[in-house]
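Engineer: Okay, handing you the structure first.
The values are calculated or read from the model by the stated rules, or taken from the named source; none is laboratory data. Treat the numbers as computed from the prediction; the structure is a model and nothing was measured. Cβ placement follows ideal geometry from the backbone for every residue including glycine, while neighbour counts extend to all protein chains displayed.
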Amino acid sequence: MLKTTLAGSLPKPGWLAEEEKLWAGWKLEGAALAQGKEDATILAVKLQEDAGLDIVGDGEQARQHFVHGFLANLDGIDFGKKTIMGIRNNRYNAEVPTVTGPIRRKAPVHRMEAMAARAHTKRKLKFTLPGPMTIVDTIADEHYGRREDLALAFAAVLNEEARELEKLGVDVIQFDEPAWNVYMPQVAEWGMAALERAAEGLTCTTAVHICYGYGIKANIDWKATLGGSWRHYEETFPVIARSKIDQVSLECRNSKVPMDLIRLLDGKDVLVGCIDVASDTIETPEEVAATIREAMKFVAPEKLYPCTNCGMAPMTRGIAYGKLAALSAGARLVCEELGHRD
Ligand code: ZN
């Protein structure tokens, strides 16, 4: 019970990429870059083990960004044709590539890091992919026209990739959908259908991560406008509860999300965000334990997975791994209270 895990990304080592940046540039090239990505993946897995996580990930060490890392190996996207676009309903501008033809997967995208991670840990392995709606919200389109059609095109290639990751021994495949906290009515209209298409036929555990974004200024400023009770999940959780997706990863720590919204996820595993990724203050184990205890009012410990609020890519490594260690220590405190020792 109370198995710990992380939302997805971790900071990259300074020898691999620029530090403390969200869209960090690589510092290596060619074969050295490929080797560096593999080495960083293995290191991230080992550091997560040392921090005590039960379910580890690749830390997204081989991708520049959680969306565009996946898009880089697809046909139908012109990366030279950049469009400055307001994303997440114009919360911030990003320079995004453009869809100019049918979306097809040219080759496996994440095989290298999945194999490297699998070869170097005996713990459960989780892998993240961007969700279809979030991809659609992070790319310009000159070919498909309708967002739902573009989402289904991406869902088909995500499914190919996910099935392959499962064959490589990945235990949990999580689709990241921060856009679900922005376009709530569209989740029911077409977002969930696209996500279920992406997860079609998988027998491993499937998850969706929905959050209020990385701890960057645009997101922190946006949160300041949302008032004292963030009820975005209230619209989407019932849709998820009816779906085939097994797990939901949500933001809780230092957040104004009412914890009782978890009730709407009856039957699902809940990955409770106990770590604030927008603060450099490392939580104490007792603070983590307090969040877990609060969540346990609404979800059984067997279905509760202490987790981070979101990815940690823009943080410093020492703080990020310090937070993961606090997460494990906090979960251990509650396990001991419950009389459960591994
Ligand atoms: Zn997130």
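Engineer: Scanning segment 159-178 for residues that are under 14 Å from the mean Cα position of the chain (by Cα) and at pLDDT 95 or above, which turns out nearest to MET133 (Cα to Cα)?
Structural biologist: Residues of segment 159-178 that are under 14 Å from the mean Cα position of the chain (by Cα), as a first pass: 172-178.
Those still in the list that are at pLDDT 95 or above too: 172-177.
On the way: VAL172: 20, ILE173: 16, GLN174: 14, PHE175: 10, ASP176: 9, GLU177: 7 Å.
By that ranking, first place goes to GLU177.
Engineer: Test THR138 against the criterion of being among the β-branched types (Val, Ile, Thr), within 16 Å of the ligand (Cβ to nearest atom) and over 28 Å from THR4 (Cβ atoms), and give yes or no.
Structural biologist: Spelling it out, THR138 is indeed among the β-branched types (Val, Ile, Thr), within 16 Å of the ligand (Cβ to nearest atom) and over 28 Å from THR4 (Cβ atoms).
Engineer: Which one is surrounded by the fewest Cβ atoms within 10 Å (Cβ to Cβ) among residues in segment 226-277 that are β-branched (Val, Ile, Thr) and part of a helix (DSSP H, G or I)?
Structural biologist: VAL239
Engineer: If you don't mind, there's one more thing I want to ask. For residues that are of a type in the set (Asp, Glu) and in a loop (DSSP other than H, G, I, E, B), scanning just segment 280-308, find the one that is surrounded by the most Cβ atoms within 10 Å (Cβ to Cβ). It would help to see each step written out before you state the result.
Structural biologist: Let us first name the residues in segment 280-308 that are of a type in the set (Asp, Glu), namely 280, 283, 286-287, 294, 302.
Okay, now just the ones that are also in a loop (DSSP other than H, G, I, E, B), so 280, 283.
Details: ASP280: 14, GLU283: 22.
If we take residues in segment 280-308 being of a type in the set (Asp, Glu) and in a loop (DSSP other than H, G, I, E, B), then GLU283 is surrounded by the most Cβ atoms within 10 Å (Cβ to Cβ).
Engineer: So, of the residues in segment 25-60 that are within 16 Å of the chain's Cα centre (by Cα) and within 30 Å of PRO102 (Cβ to Cβ), which turns out to be surrounded by the fewest Cβ atoms within 10 Å (Cβ to Cβ)?
Structural biologist: GLU60
Engineer: Tell me, which strands (runs of 3 or more DSSP E) wholly within segment 6-118 include 2 or more residues that are of a type in the set (Asp, Glu)?
Structural biologist: Details: elements: 55-57, 74-87, 92-105.
Qualifying strands (runs of 3 or more DSSP E): 74-87.
Engineer: In addition: Within segment 307-330, how many residues are more than 16 Å from the ligand (Cβ to nearest atom) and under 21 Å from ARG263 (Cα atoms)?
Structural biologist: Total meeting the criteria: 0.
Engineer: Provide a single number: the residues in segment 196-217 that are more than 15 Å from the ligand (Cβ to nearest atom) and either touching a Pro at 6+ places or on another chain (Cβ under 9 Å) or hydroxyl-bearing (Ser, Thr, Tyr) (or both).
Structural biologist: Start the filter on segment 196-217 by keeping residues that are more than 15 Å from the ligand (Cβ to nearest atom), which leaves 196-206, 217.
Within this subset, residues satisfying the condition of being either touching a Pro at 6+ places or on another chain (Cβ under 9 Å) or hydroxyl-bearing (Ser, Thr, Tyr) (or both) are 197-198, 203, 205-206.
Residues in segment 196-217 being more than 15 Å from the ligand (Cβ to nearest atom) and either touching a Pro at 6+ places or on another chain (Cβ under 9 Å) or hydroxyl-bearing (Ser, Thr, Tyr) (or both): 5 in total.
Engineer: Evaluate the following for GLU95: is it more than 16 Å from the ligand (Cβ to nearest atom), loosely packed, with under 14 Cβ neighbours inside 10 Å and either on the phi > 0 side of the Ramachandran plot or not hydroxyl-bearing (Ser, Thr, Tyr) (or both)? Reasoning before the result, please.
Structural biologist: On the way: more than 16 Å from the ligand (Cβ to nearest atom): yes; loosely packed, with under 14 Cβ neighbours inside 10 Å: yes; either on the phi > 0 side of the Ramachandran plot or not hydroxyl-bearing (Ser, Thr, Tyr) (or both): yes.
Judged against the criteria, GLU95 is a match.
Engineer: What residue, among those in segment 119-140 that are in a loop (DSSP other than H, G, I, E, B) and buried (at least 24 other Cβ atoms within 10 Å of the Cβ), is modelled with the lowest pLDDT?
Structural biologist: The residue in question is ASP137.
Engineer: Any residue in segment 264-285 that is away from the ligand (no atom under 16 Å from the Cβ) and in contact with a Leu (Cβ under 7 Å, 6 or more places away or on another chain)?
Structural biologist: Yes, some residue in segment 264-285 is away from the ligand (no atom under 16 Å from the Cβ) and in contact with a Leu (Cβ under 7 Å, 6 or more places away or on another chain).
Engineer: Being within 16 Å of the ligand (Cβ to nearest atom), at pLDDT below 90, of a type in the set (Ser, Thr, Tyr) and more than 20 Å from VAL67 (Cβ to Cβ) is the requirement here; does SER255 meet it?
Structural biologist: When the stated conditions are applied, SER255 passes them.
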